[in-house]
Structure formats: C-alpha cells, structure tokens
Amino acid sequence: MHPSRTIAIIGTLDTKAEELGFLKCVVEARGHRAVMVDLSVRGDHGGADITRQEVAARGGGGVDELIAAGDRGAALDRMSSGAVALMRDLLDQGRIDGAVAIGGGSGSAVASAPLRALPFGFPKVLVSTKGAGDVSAFVGTRDIAVLFSVTDVMGLNPILRRVLRNAANAVCGMAEGAADDVRQADGPVVAITAFGVTTPAAERCRRLLLDVGCQVMVFHASGTGGRAMEELIAAGEIDAVLDLTTTELADELCAGALSAGPTRLEAAGRRGIPQVVVPGALDMVNFGPIGTVPPVLRDRRLHRHNAGTTLMRTTRDENIELGRIVAAKLAGATGPTELVLPLGGISEYGRTGGPFHDPEADRAFFEAVSAAYDGPIVRSSDHINDQPFADLVVARLLALMASIRPAAVAG
C-alpha cells in the first residue's frame, strides 16, 4: 500500500466543473488527496480548495476589472501568472506530490503554465483538446505528459471518462512511484549534445564517460533539447558539458526550425562548470518538408534528410559569422573551457563525397573562430565521427573536470 499523496487538479470550474470533479473522484478512490485549483476568470464556484480570487491575487489581482473592460486575454495572463506562483508555493511547502490539468484551447494555455513551473521529474499531466497537434507551447522544455481528450471537454461522455480516468491514474501512479532524489547514483553528471549526423561520436563519448563513473545526459540538438540542457545547467543539475553538437546556433543565425534561442552556449560559461565545445553539425540549418524552406533559400544547397526534414548547407560567410558568435560566447565563460576543432569534418554529411562536403566553408569557420577566440583551442585532423576524435574530446573534458574536482572522476 502506497502512502497517501496530494494531487493538484487544475482547471476552470466555470466551464469544466464536471470533468474536474471526475478527476478528483478518481484520485480520491486511489486513496489520495486532491487540491482543486480554480483558474476561472468569471463567477464564484464551489468545490475549489484554491479559489480563483486567490489565484488572481497571486497574479497581481485586477482580473474582474480586466474582464469588465473586455480584456479577456490580459485576465487569462494574470490567472496564468497567479497559478504559476501558487504552484511554486505549494511545491516549496511540500503540499503537493503531482499535478493534473485539463483545458480546451485557451484553457490549455493557462493550465499548462503552472505545470511548466514544476521541476523535472515531478509528476505532471495535461489533458487537452489540442493534445494531438503541436503542443510545444504547452510543454516548453518540461516533461509534461499530454493526453488528447479526443472529444471536446464539454460534459462527460464514455470516451472522455476513459481519458480522464487514465490521466488521473497516470499522475497518481507517477506520484506513488516517485523517488525522493532523482540523482541517487554517484558520479558527476555530464551533458552531451547529439544529432543524427553526430550520433557515432556521441555514442562513443557516452560509453567512455560511463566507464569512468560519470552519469550522462544526452540532449538531442533539436532546439527544445538545447533549451532544456541550458535550463538544467542554470539550475545546477549538470556538472560538466561536452557540447559536441552546436548546430542550433546555425538555426538561430539562419532562421531555421531548430533554434534553441539567442542564449544557447551560455549557461555553462555563466555557472563556471567545465565545458568542451565542438562545432558539430554547424554545416547545416534545419527546415521541415521542402515546402517550408523560404523561397529565397530554394536555390541553396539542400538535402532531404527525411520526409519531414530538409537540411540547408551553411555558406562560407555564414560560417565566418558563426565563428565570431561561438568565440564571443566562449569568451564570457567563467570556468574551464576548451574549443576542439575536427578539421576532417563536422558532420556525417560533411565527409568527402557527402552532400555537405565543403572544406572551404568549414575552413572559414575554423579560421574565424581561431582569430576571434583567445582561449584554449585544440585542433584534430580527424572527422567528428572518427573514434580518435571522441577519445580526444572525452580526455580533454575529464582533464578539465579533474582540474577543479580531482576526486570526482576515476581514471
């Protein structure tokens, strides 16, 4: 028998009271407590443990005035801010062990905000009418489980009951099995960035780091992956970084689909943790299907990676600018930092005979970053996916880690 947990149930009681009440019944039937959080912008509703007035007050108040003035969007924003603040309060006070939210279009946007305020590993589930589409705005970089409601959330029906029951059981199960500390294993936590075209290098680096007692997190350099890694670094969850795949910088520069934002490659430097940086896959920019490539770029060197992904080769001029960008970011680092350049090629597609093989463009990056960065640079004649290169970058990272934490790494 699991000890009783407390689950926050989040939504708008003015339109979703029946569905929220059903979630509460399922949670309580499992022997757990439910805390009902009302995000309604109108009216007074029974059944709320945390009323809409309390939520509004934590968001700065004035919701009724905004509604009266016809500014529903601003009122929803105020409720969203209040819900985020309250969820953090409940978490800090140890009063909740999981959270489940439901919503339609606007409701999902508001109800997902407090879920995103919860830490990684904390049980969180969203049931949304938009759950079968692009949910990136609801999820952000957090590990939110999203269930498609299938039907509209407008009264219980046989399908919606099953979906809501699954959601409640899922969050309860997560809370019942949650570990007190997700970092139970010993050893420093090392982040590696990877992409399909740098996977051989990432896999070997991971094995080598595991062999010396490190815990390894691999982040897919998909925009969201880079943002998640930067957030975890900033939160102190990562001890060292092997930034093998910095391709998201090319997407940021060239308006590609997988940018991680303008602050990518900065968190490790700000925190002062050891980092080894490699220009992995900076020879490409990501777009969706060929029809999503802007017309002005259609005459560029393009490669169909798969049905949903079109890659564009970066040019000499773009690589010069990327060299300056990388140099500027690394110059601000406060901890041990090395830049390692694989002169034999920076992606699998950049090998001799590959669709993006362009030694002149690669050389433009190498020369630009070398001219602009006065920190340590290691040059290798190997290709990024060659085994000796993986051995080199892992050795360099372990040396940096040992320089500040001699006892942290075996070897």
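The values are calculated or read from the model by the stated rules, or taken from the named source; none is laboratory data. Everything quoted here is computed from the prediction, not taken from an experiment. So basically every Cβ, Gly included, is an ideal-geometry build from the backbone, and we count neighbours across all protein chains shown.
Quickly run through segment 299-315 and pick out the residues that are in contact (Cβ under 8 Å) with a residue 60 or more places away in the chain and farther than 11 Å from Gly288 by Cβ.
Across segment 299-315, the qualifying residue is only Thr314.
Identify the single condition in (1) in the same structural domain as Gly21 (by TED's automatic domain parsing); (2) outside any helix (DSSP H, G or I); (3) surrounded by 21 or more Cβ atoms within 10 Å (Cβ to Cβ) that Gly155 does not satisfy, given that it satisfies every other one.
Among (1) in the same structural domain as Gly21 (by TED's automatic domain parsing); (2) outside any helix (DSSP H, G or I); (3) surrounded by 21 or more Cβ atoms within 10 Å (Cβ to Cβ), the lone unmet condition for Gly155 is (3).
Output yes when any residue across segment 37-45 is of a type in the set (D, E, K, R), in a strand (DSSP E or B) and touching a helix residue (DSSP H, G or I) at 6+ places or on another chain (Cβ under 9 Å), and no when none is.
yes
Given the criteria surrounded by 19 or more Cβ atoms within 10 Å (Cβ to Cβ), over 21 Å from the mean Cα position of the chain (by Cα) and in a loop (DSSP other than H, G, I, E, B), does Val55 qualify?
When the stated conditions are applied, Val55 does not pass them.
For Phe120, only one of the following conditions fails: (1) more than 22 Å from Glu252 (Cα to Cα); (2) at pLDDT 95 or above; (3) of a type in the set (A, V, I, L, M, F, W, C); (4) in contact with a helix residue (DSSP H, G or I) (Cβ under 9 Å, 6 or more places away or on another chain). What is its number?
If we test Phe120 against (1) more than 22 Å from Glu252 (Cα to Cα); (2) at pLDDT 95 or above; (3) of a type in the set (A, V, I, L, M, F, W, C); (4) in contact with a helix residue (DSSP H, G or I) (Cβ under 9 Å, 6 or more places away or on another chain), just (2) comes out false.
Of all residues in segment 109-118 being in contact (Cβ under 8 Å) with a residue 60 or more places away in the chain and of a type outside the set (Gly, Ala, Ser), which is farthest from Ala168 (Cα to Cα)?
Per the criteria, the residue is Val110.
Looking at Lys130, Lys124, which is the one that is surrounded by 23 or more Cβ atoms within 10 Å (Cβ to Cβ) and either touching a residue at least 12 places away in the same chain (Cβ under 8 Å) or not charged (D, E, K, R) (or both)?
Selected residue: Lys124, the only one of Lys130, Lys124 that is surrounded by 23 or more Cβ atoms within 10 Å (Cβ to Cβ) and either touching a residue at least 12 places away in the same chain (Cβ under 8 Å) or not charged (D, E, K, R) (or both).
Could we say that Asp362 is of a type in the set (Asp, Glu), crowded, with 16+ Cβ neighbours inside 10 Å, modelled with pLDDT of 95 or more and more than 30 Å from Ala267 (Cβ to Cβ) here? Quick ask: steps written out before the conclusion?
On the way: of a type in the set (Asp, Glu): yes; crowded, with 16+ Cβ neighbours inside 10 Å: yes; modelled with pLDDT of 95 or more: yes; more than 30 Å from Ala267 (Cβ to Cβ): no.
Taking the combined requirement at face value, the residue does not satisfy it.
Take Val293 and tell me if it is at pLDDT 95 or above, within 30 Å of Arg396 (Cβ to Cβ) and of a type outside the set (S, T, N, Q).
The answer is no for Val293.
Restricting to segment 316-352, what's the tally of residues that are small (Gly, Ala, Ser) and outside any loop (DSSP other than H, G, I, E, B)?
5
Go through the residues of segment 103-124 one by one and say whether even a single one is over 22 Å from Arg227 (Cα atoms) and not in a helix (DSSP H, G or I).
yes
Name the pairs: first residue in segment 250-274 and assigned to a helix (DSSP H, G or I), second residue modelled with pLDDT of 95 or more and of a type in the set (Ser, Thr, Tyr), Cβ to Cβ under 6 Å, at least 6 apart or on different chains?
Ala250/Thr314; Asp251/Ser259; Glu252/Ser259
Determine if segment 334-354 includes at least one residue that is over 26 Å from Thr199 (Cβ atoms) and not β-branched (Val, Ile, Thr). Step through it out loud before you land on a result.
The first filter runs over segment 334-354 and keeps only residues over 26 Å from Thr199 (Cβ atoms), leaving 334-336.
Of the ones still in play, those that are also not β-branched (Val, Ile, Thr) are 335-336.
Yes - at least one qualifying residue is present in segment 334-354.
Give me a count of the residues in segment 239-265 that are more than 27 Å from Arg304 (Cα to Cα), within 15 Å of the chain's Cα centre (by Cα) and surrounded by fewer than 24 Cβ atoms within 10 Å (Cβ to Cβ). Full working, then the answer.
Let us first name the residues in segment 239-265 that are more than 27 Å from Arg304 (Cα to Cα), namely 239-242, 263, 265.
Next, only the ones that are within 15 Å of the chain's Cα centre (by Cα) stay: 263, 265.
Checking which are surrounded by fewer than 24 Cβ atoms within 10 Å (Cβ to Cβ) leaves us with 263.
Residues in segment 239-265 being more than 27 Å from Arg304 (Cα to Cα), within 15 Å of the chain's Cα centre (by Cα) and surrounded by fewer than 24 Cβ atoms within 10 Å (Cβ to Cβ): 1 in total.
To keep it simple, each residue is scored yes or no on (1) surrounded by 14 or more Cβ atoms within 10 Å (Cβ to Cβ); (2) under 14 Å from Asp97 (Cβ atoms).
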| position | (1), (2) |
| --- | --- |
| Pro3 | no, yes |
| Leu20 | yes, no |
| Leu23 | yes, no |
| Ala29 | no, no |
| Val37 | yes, no |
| Arg42 | yes, no |
| Ile50 | yes, no |
